[in-house]
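FYI, it's all coordinate maths here, none of it is from the lab. Computed from a predicted model, the values in this text were never measured in an experiment. So basically every Cβ, Gly included, is an ideal-geometry build from the backbone, and we count neighbours across all protein chains shown.
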Amino acid sequence: MKWVDIGINLTNKRFDSDRDQVIASALAAGVDKLIITGTNLAESKKALQIASSDIDGLYCTAGCHPHDAGSFSNEALNEISAIAEEPEVVAIGECGLDFNRDFSPRHQQINAFERQLELAVKLQKPVFLHERDAFDTQYQILKDYIPKLKGGVAHCFTGTIEAMEAYLELGLSIGITGWICDERRGQALYDMVHLIPDNRLMIETDGPYLTPRDLRPKPKDGRNEPKYLPHIGEAVARAREQSLHQVAENSYNNSCKLFNLE
Ligand SMILES: [Zn+2]
């Protein structure tokens, strides 16, 4: 079985001491493709640097997370645009709106989101979408760009059934993280994951964050890694009443197709 981790924050300093080992362990677990998330200009540069190494199967995104929208100047946009043209960059983002924590003013989040949607249209690369407690505004903005966009994924989806259905109707894929392994806050997601069509399902760790709560033994440092992706796949398979093999194959093929991975 082969897996793609479509969202791994491999630039995070918690991977600084053993990044190559983390990649090797992922490969040993069958996770042979990693898409490294770029969250702002500096992180996108770093993600591209890692993805450009000699190791096979590494890709990245370039963009600006809503938390970092305050730093999204025209200059940053120009630099992100230049990075985004590189072949290792397979999506624009992560981009979107986060009204849960409002780390950046909402008008700046909206501006950064729209500029990145325009970039995705221009380069014809898919969007890697983040959204938390901002569905209505995100949807209103997104739907105008959808006809011109080359698709996208609602990464780390944790929203309502209505939001999931609306994203699916826009033609987007849905990214499922270890949130689904949390029997307390992840139950609603577990119960709706069967609604995702086979050809729209993707899986991600979002490491080093969102360590699956039911991992045994628990990782010593609490750090989530791409090697745990098959564990998330098992929860997805149970929730969808499908075989692990089926979930691996579908999510792998979907990811390769959307992000145009070799
Ligand atoms: Zn995110």
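Data table
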quantity	calculated
Length-normalised contact order of the range 3-258 in % [C-alpha pairs under 8 Å, at least 6 apart]	19
Sorted by Cβ neighbour density within 10 Å, fewest at the top, the residues 45, 143	143, 45
Other-chain or far-sequence residues with amide H under 5 Å of residue 7's (modelled H)	35, 205, 206
Global form of the range 154-247, assessed from the alpha-carbon gyration tensor, a/c cut-off 1.5	prolate
Long-range HN-HN contacts of residue 173 with modeled amide H, under 5 Å	152, 153, 154
Orientation-averaged projected area, Cα convex hull of the range 1-145 (nm²)	8.9
Rounded Å value of the spacing that divides the Cα centres of the range 201-215 and the range 86-102	18
Per-residue Cβ neighbour rank within 10 angstrom, fewest leading, 1, 192, 164, 202	1, 192, 164, 202
Total charge dipole magnitude, the chain, about the Cα centre, Cβ charges on Lys, Arg, Asp, Glu only, Debye to nearest 20	300
Ratio Rg/Rh [Cα only; Rh per Kirkwood] for the range 118-187	1.00
Dipole of the range 3-258 [Lys/Arg +1, Asp/Glu -1 at C-beta], most positive-end residue of 72, 178, 111	178
Whole-Hz ³J(HN,Hα) from phi, Karplus 6.51 cos²θ - 1.76 cosθ + 1.60, for the range 97-103, glycine and proline x	10, 9, 9, 6, 10, 6, 5
Rounded to the nearest 20 debye, dipole of the range 13-123 from Cβ charges on Lys, Arg, Asp, Glu	280
Subset of 143/218; 45/150; 150/220; 148/227 violating a 31 Å alpha-carbon distance limit	143/218; 150/220; 148/227
Proximal aspartates and glutamates to residue 125, defined as alpha-carbon separation beneath 13 angstrom and excluding residues fewer than eight positions away on the same chain	85, 86, 88, 94
Nitroxide proxy distance, nm - points 7 Å out along Cα→Cβ at residue 213 and residue 54	4.4
Interchain or long-range residues, amide H under 5 Å from residue 93's placed H	62, 63, 64, 128
Estimated vicinal HN-Hα couplings, Hz - the range 85-92 in sequence order (Karplus 6.51, -1.76, 1.60; Gly, Pro = x)	6, 5, x, 6, 7, 9, 7, 9
Residues 177, 160, sorted so that the one with the fewest Cβ neighbours within 10 Å comes first	160, 177
Share of pairwise Cα separations in the chain, more than 32 Å, in percent	14
Length added when fully stretched, residue 150-residue 244, from 0.36 nm per residue minus Cα-Cα	31.0 nm
Karplus-derived HN-Hα couplings along the range 190-200 (A = 6.51, B = -1.76, C = 1.60, θ = phi - 60°), whole Hz, x at Gly and Pro	4, 6, 10, 5, 6, 6, 6, x, 3, 8, 10
